[in-house]
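Below is one structure; the comments refer to it alone.
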Amino acid sequence: MTRDVNERKSPWVLIAAVSAMAAWFAGPMATRPALADELPKESVLPLGVANRAIHAALESCKKDGYRVSVSVVDRAGVLRAMGRSDGAGSHTVDSSRKKAYTAASTRRPTTELADLIMKVPTLQALRDINGDMLILGGGLPIEIGGDIVGGIGVGGAPGAHLDDACAQDGLDAIGAAPKAGTPK
C-alpha cells in the first residue's frame, strides 16, 4: 500500500516551509515603515471644501450683479473644482483657473504680484514662467491651519478688486486665512 508523500513528512517540515515563505514575503514589508516615515506629509483640500468655497464666491458676486467663474486648484495648481455663473463670459473660465494656479504656485495673492511687478519692472519675467500664470487680481492662496492647500481664482467681475472680494468670501466660507486686502 502506498502512502501520500505529504503524509510521511513531519509536521515540523511543513511549519518550517510556511515560516520561510512568511519571512520571504514579509522581507519587503519589513522595510516599509522606515520608508513611510521618510515620505512628506501634506494637507489635501477636500473636494467638498473646494465646492463650498466656489459656491460662496459665486453667490457673493451674484448678489452684486457680477457674472463670474470661480476655480479652485490644489497646492500643485491642478484644478480641483470650477463653477461658472449663468451668463459669465467664456474667457472667465480660463482667467479664474489661471489666477487660482498663480496664487497657489506663488503662495501669494495675485493682486500683490501685480503691484510688485509695477514697482519692480525687472520682475515682469514672472508673467512668462509658463502659460498658466496670470498676474491679475482675483487669485488668492488657500491657507488652512498654516498650510497652503491650494488657490482660488475669480474672473469676470468689473475690476480685479471685486474679483478679490468674491474670492475672499469663498475663503471666509471655508474658514481659510484671510488674504485679500481690498474691500468691495
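Taken together, the values in this text are just the output of simple stated rules run on the coordinates, not laboratory data. Just so we're clear, the structure is a prediction, and the values are computed from it rather than from any experiment.
For the pair GLU42 and HIS91 in one chain, pulling the backbone fully straight at 0.36 nm per residue adds 14.4 nm over the alpha carbon distance. The phi-based Karplus calculation (6.51 cos²θ - 1.76 cosθ + 1.60; θ = phi - 60°) puts the 3J(HN,Hα) values of region 133-149 at 7, 9, 9, 8, x, x, x, 10, x, 9, 10, 10, x, x, 10, 7, 10 Hz, whole numbers, x for Gly and Pro. Across region 150-158, coupling constants 3J(HN,Hα) worked out from phi with the 6.51/-1.76/1.60 Karplus curve, θ = phi - 60°, read x, x, 10, x, 10, x, x, 6, x Hz, and Gly and Pro carry x.
Here the Karplus relation 6.51 cos²θ - 1.76 cosθ + 1.60, evaluated at θ = phi - 60°, turns the backbone of region 119-129 into coupling constants of 7, 10, x, 5, 8, 3, 4, 4, 5, 9, 4 Hz, with x for every Gly and Pro.
Under the classification rounded if a/c is under 1.5, otherwise prolate if a/b is larger than b/c and oblate if not, where does region 40-158 fall, given a ≥ b ≥ c as square roots of the Cα gyration tensor eigenvalues? Since a/c reaches 1.5 but b/c is at least a/b, the shape of region 40-158 is classed as oblate. Which of LYS62/LYS99; LYS63/LYS179; LYS41/LYS98; LYS62/LYS179 have a Cα-Cα distance over 24 Å? Correct reply: LYS41/LYS98.
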